[in-house]
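The values are calculated or read from the model by the stated rules, or taken from the named source; none is laboratory data. Please read all numbers here as calculations on a predicted model, not as lab measurements. Cβ: placed from backbone, ideal geometry, glycine included. Neighbour counts: every protein chain shown. To get the accessible areas, we keep the full protein, side chains included, count just its heavy atoms, and leave off ligands, DNA and RNA. Shrake-Rupley method; radii C 1.70, N 1.55, O 1.52, S 1.80 Å.
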Amino acid sequence: MSETIWRLSVFIGVLLVMVLWEFLAPKRKPRYSRKQRWPANLAIVAVDTVLLRVIAPVGLTGIALWASEQEWGLFHYLSSTAGNELPFWFVVLVSLVALDIVLYWQHRLFHRIPVLWRMHRVHHADPDFDVTTGLRFHPAEIVLSFFIKASAILVLGAPALAVIVFEIILNACSLFNHGNVALPTPLERAARKVLITQELHRIHHSVEKEETNSNYGFSVSWWDHLFGSFTSKPKAGSDQVDIGLKEYRDASITTKLWGLLKIPFRN
């Protein structure tokens, strides 16, 4: 099965599971209906996908394959220095961990550097929190993120398999932890020791700045613990977290495609 089919199958599968879960057992009552919000959230991911295909048709996997052919990257250097190939399983595992740390710091910098925050606030300006929020990123952020990940792949010499697995996990986790759902309390308490759960990521989408600037992880919660950005509970309580950005409350901006595309250019 080709990479595209694998990725698309997992993406559609997780998306359908989360949509059904949200329909059957929503955690919170949304401000706006799906009919009001979803067209813009789904349209912007379509724009992102087309733009990436035009700018970088080979994708991250193609970059990984090229780096392998050229023997670029840390793993190739270490193998040549040692005189023996590093175990493939070890290279894949370390690549997954390293790429996840890169994404953690990318996310953190997108909150801390003003010009990057202009792009990323499109994601946070969503007035509600559900599975489609996990798809809602400005095209400029998507393109910049692509080049950051590509640079990390080249520096590491990450194998194509690691890149494919990482992208599948990243997309699945983004859909999962943005869901307007809640795991049973005992399961959530156990899961958050490893994963970024919906409860943890909902805190990250709070209007409270100190809460927004925490819980940056996309998949595992370890990096937030390690780098001092973990918040376990919101001040207002799980059911009362105010979602979005205080400066973006106009539905004509936050729920319309053209409004989302213009957010980075607004003062």
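Might you let me know whether the range 247-262 holds any residue that is touching an Asp or Glu at 6+ places or on another chain (Cβ under 6 Å) and among the β-branched types (Val, Ile, Thr)?
No, the range 247-262 contains no residue that is touching an Asp or Glu at 6+ places or on another chain (Cβ under 6 Å) and among the β-branched types (Val, Ile, Thr).
Going by the conditions given, is THR61 surrounded by fewer than 16 Cβ atoms within 10 Å (Cβ to Cβ) and assigned to a helix (DSSP H, G or I)?
Here the answer is no, as THR61 does not meet what is asked.
Give the residues of the range 169-194 that are open to solvent by less than 70 Å² (accessible area, probe 1.4 Å) and of a type in the set (A, V, I, L, M, F, W, C), sorted by residue number.
Selection gives LEU170, ALA172, CYS173, LEU175, PHE176, VAL181, ALA182, LEU183, ALA190, ALA191, VAL194.
Of everything in the range 201-218 that's within 14 Å of the chain's Cα centre (by Cα) and at pLDDT 95 or above, which residue is surrounded by the most Cβ atoms within 10 Å (Cβ to Cβ)?
Looking at residues that are within 14 Å of the chain's Cα centre (by Cα) and at pLDDT 95 or above, I get GLY217.
Looking at the range 1-28, which of its residues are within 18 Å of ASP128 (Cβ to Cβ) and outside any helix (DSSP H, G or I)?
ALA25, PRO26, LYS27, ARG28
Failed condition for PRO234, given (1) open to solvent by 70 Å² or more (accessible area, probe 1.4 Å); (2) more than 13 Å from the chain's Cα centre (by Cα), with all others met?
Every listed condition holds for PRO234 apart from (1).
Does any residue in the range 14-39 that is within 15 Å of ALA182 (Cβ to Cβ) and open to solvent by less than 60 Å² (accessible area, probe 1.4 Å) come within less than 8 Å, Cβ to Cβ, of a residue that is assigned to a loop (DSSP other than H, G, I, E, B) and aromatic (Phe, Trp, Tyr) six or more places away or on a different chain, and which pairs are these?
Correct list of pairs: ARG28/PHE129.
Considering only the range 237-267, state which residues are of a type in the set (S, T, N, Q) and open to solvent by less than 80 Å² (accessible area, probe 1.4 Å).
Scanning the range 237-267 gives SER238, SER252, THR254, THR255.
Only one residue in PHE129, PHE137, PHE166 is aromatic (Phe, Trp, Tyr), open to solvent by 10 Å² or more (accessible area, probe 1.4 Å) and under 21 Å from PHE265 (Cβ atoms). Which one?
PHE137
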